1. Can you pull out the residues in the range 94-127 that are part of a strand (DSSP E or B), farther than 14 Å from Tyr18 by Cα, at pLDDT 90 or above and open to solvent by 20 Å² or more (accessible area, probe 1.4 Å)?
2. Mind checking which pairs have a first residue in the range 107-128 that is touching a residue at least 12 places away in the same chain (Cβ under 8 Å) and a second that is basic (Lys, Arg) and open to solvent by 40 Å² or more (accessible area, probe 1.4 Å), Cβ under 6 Å, 6 or more apart or different chains?
3. Filter the range 51-91 down to the residues that are of a type in the set (A, V, I, L, M) and either surrounded by 12 or more Cβ atoms within 10 Å (Cβ to Cβ) or modelled with pLDDT under 70 (or both) and list them by number.
4. So, in the range 60-93, how many residues would count as being under 21 Å from Thr47 (Cα atoms) and part of a loop (DSSP other than H, G, I, E, B)?
Amino acid sequence: MRYALLLVVVSAGCAAQYSQVAATHFSSTYACPSERISSLERKDLHTYSNTGALALTVFPDDHPPPTPPAPADVRRDPERLKLWVQQNTPQISGDHVVTATGCGHDATYICDDPTTDTPYTSCLELAP
């Protein structure tokens, strides 16, 4: 999966403006004037991650991603199967999903909050 990364410096004490950060990135990527961009934080979508696949996916609230099937040798061993399920059941990651449209393009971004270690909001554009 191809990712584009945009880092915008925001004070850690300020509320993150996910839609605004994504719109700034969208404008830069697609040469689209800001007044022609519509961006919206999607409260109905969540990012999920799992430690087994080290993947990040976006799903609607009412259809979380399934746990991938365990290999046959893992399924035959109850202790290994229990560990497999713990490591591979997708968990909500807490990131914010933003969609942006304009100038004939659509994009989906995953944005995170500023922290003490990284005092900025960052957004990753998901590949189509």
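1. Once the filter is applied, which keeps residues that are part of a strand (DSSP E or B), farther than 14 Å from Tyr18 by Cα, at pLDDT 90 or above and open to solvent by 20 Å² or more (accessible area, probe 1.4 Å), the range 94-127 yields Thr101, His105, Asp106.
2. Ala127/Arg2
3. Result: Ala53, Leu54, Ala55, Leu56, Val58, Ala70, Val74, Leu81, Leu83, Val85.
4. Of the residues in that region, 12 qualify.
The values are calculated or read from the model by the stated rules, or taken from the named source; none is laboratory data. Bear in mind that the values here come from a model prediction, so they are computed numbers and not experimental data. Note that each Cβ is placed from the backbone with ideal geometry, even for glycine, and that neighbours are counted across all protein chains shown. Keep in mind that these areas ignore ligands, DNA and RNA; they rest on the heavy atoms of the full protein, side chains included. Shrake-Rupley method; radii C 1.70, N 1.55, O 1.52, S 1.80 Å.
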